[in-house]
Amino acid sequence: MRAAPKITLTSKERRKLESLRASRKTALRLVERSAIVVLAADGVENKDIAQRLGLDLGKVGRWRSRYSKFGFAGIEQDATRPGRIKAIAPRKVSEVLKLTQYSKPEGATHWSRSTMAKAAGISESSVGRIWAAHGLKPHRVKTFKISNDKRFEEKLRDIVGLYQSPPEHAIVFSCDEKSQIQALDRTQPGLPMKKGRCGTMTHDYKRNGTTTLFAAMNTLDGTVIGKCMSKHRHQEWLAFLRQIDRATPADKPVHVICDNYATHKHARVQAWQRRHPRFTFHFTPTSASWLNMVERFFRDLTENSVRRGVFHNVDQLVETIEEHIRVHNLNPKPFIWTASANDILQKVRRGRRALDKVQSD
């Protein structure tokens, strides 16, 4: 353990420090430091000095050490502090920005503060300040996909219109399948959460089968009709459509929003729709699953009920999913679509222009 330096005072030094300690005209900081040194010279430990004077333990140790090294001059004035951070030349800032945005380091996909500092000949802190000032985060990346559907605008306006201004007296469902939900069992039991430690679970697992959830979310009130099935063929999709048909008033038109999965357009599905004219299908553009509102429900299901679950068999997984839907429907909350079709189209057009520019370069 590190020992506090021993303080030995001459009679002259003690009188001077005692005088400063008792003076009402001396600066408070020097009064405190004088008291620390006197008590230290009397053999009092730092923690006891801090308790007596009501000071921080680190502060006591700092001034005791300074007096031991420099004598009275060590406590008379504060230590020198670093001056103002030297400004980085605009030329150097431009160089860092250009390297960050238009190049890559050798043997890596993106810059780090250390690799950029080495390449630009400045400190890592300077690199961090430049990136922060210009909103650059090379360590992060976001995924995206711009739809190339030729009828993108038509489909977008159709679906956003259903969200924001649905037909009168009609029911609008956002439908999709969440396929291949795995019943994962952990190889060892996890430890429960306790104070100062989160719960644990093993990184490895055992697969005990899968299920597919067919879900239809009512965009008006947020309620969900769901059914788990072992497969996701057109037969299962037809069975789910029949369930929706039974669960909704027969005199209400039903609008179904779904993606372009071949199952949804099978000949038998089309034949079923002709026999049930109150059903109208609206297909999202290709590569635009974000337009299907039920995906938000799937996210909540995964985060809250599936990802951290332990399932010994598929039946347990199905029970968990059904329980999640039941609890959700006790207090359903619809997702409110706020982005207009025009705003989305403008954003997509900007993205396409940026992609065209990158490809042309």
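Only helices (runs of 4 or more DSSP H) whose full extent lies in the stretch 96-181 are considered here, and the ones with at least 3 residues that are more than 30 Å from Ala288 (Cα to Cα) are 113-120, 124-133.
Answer with yes or no whether Lys357 is without any contact (Cβ under 8 Å) to a residue 40 or more places away in the chain and surrounded by 11 or more Cβ atoms within 10 Å (Cβ to Cβ).
no
The set of residues in the stretch 149-172 that are buried (at least 20 other Cβ atoms within 10 Å of the Cβ) and in contact with a helix residue (DSSP H, G or I) (Cβ under 7 Å, 6 or more places away or on another chain) comprises Leu156, Ile159, Val172. Enumerate the helices (runs of 4 or more DSSP H) found wholly within the stretch 1-75, keeping only those where 2 or more residues are polar (S, T, N, Q) and free of Cβ contacts under 8 Å to residues at least 40 places away in the same chain. Because the criterion is at least 2 residues that are polar (S, T, N, Q) and free of Cβ contacts under 8 Å to residues at least 40 places away in the same chain, the helices (runs of 4 or more DSSP H) in the stretch 1-75 that meet it are 11-22. Could you list, in sequence order, all residues of the stretch 231-256 that are among the acidic types (Asp, Glu) and either under 17 Å from Ser174 (Cα atoms) or assigned to a helix (DSSP H, G or I) (or both)? Of everything in the stretch 231-256, those that are among the acidic types (Asp, Glu) and either under 17 Å from Ser174 (Cα atoms) or assigned to a helix (DSSP H, G or I) (or both) turn out to be Glu236, Asp245.
Taken over the stretch 192-220, the criterion of being within 25 Å of the chain's Cα centre (by Cα) and not in a strand (DSSP E or B) is satisfied by Pro192, Met193, Lys195, Gly196, Cys198, Gly199, Thr200, Met201, Thr202, His203, Asp204. Condition check for Pro277 on (1) in a helix (DSSP H, G or I); (2) in the same structural domain as Val224 (by TED's automatic domain parsing); (3) exposed (fewer than 11 other Cβ atoms within 10 Å of the Cβ): one failure, at (1). Every test in (1) surrounded by fewer than 17 Cβ atoms within 10 Å (Cβ to Cβ); (2) in contact with a Leu (Cβ under 6 Å, 6 or more places away or on another chain) is passed by Asp343 save one, and that test is (2). Of the candidates Gly58, Gly71, Gly43, Gly54, the single residue that is under 11 Å from Ala4 (Cβ atoms), surrounded by fewer than 16 Cβ atoms within 10 Å (Cβ to Cβ) and out of contact with any Asp or Glu (no Cβ under 7 Å at 6 or more places or on another chain) is Gly43. Taken together, the criteria exclude Thr263 from residues that are more than 26 Å from the chain's Cα centre (by Cα), surrounded by 15 or more Cβ atoms within 10 Å (Cβ to Cβ), among the β-branched types (Val, Ile, Thr) and not in a helix (DSSP H, G or I).
Of all residues in the stretch 326-334, at least one satisfies being closer than 23 Å to Ala215 by Cβ, in contact with a strand residue (DSSP E or B) (Cβ under 9 Å, 6 or more places away or on another chain), in a helix (DSSP H, G or I) and in contact (Cβ under 8 Å) with a residue 60 or more places away in the chain.
The values are calculated or read from the model by the stated rules, or taken from the named source; none is laboratory data. Quick caveat: nothing in here was measured; it's all calculated off a predicted structure. Heads up, the Cβs are rebuilt from the backbone with ideal geometry, glycines too, and the neighbour counts pull from every protein chain shown.
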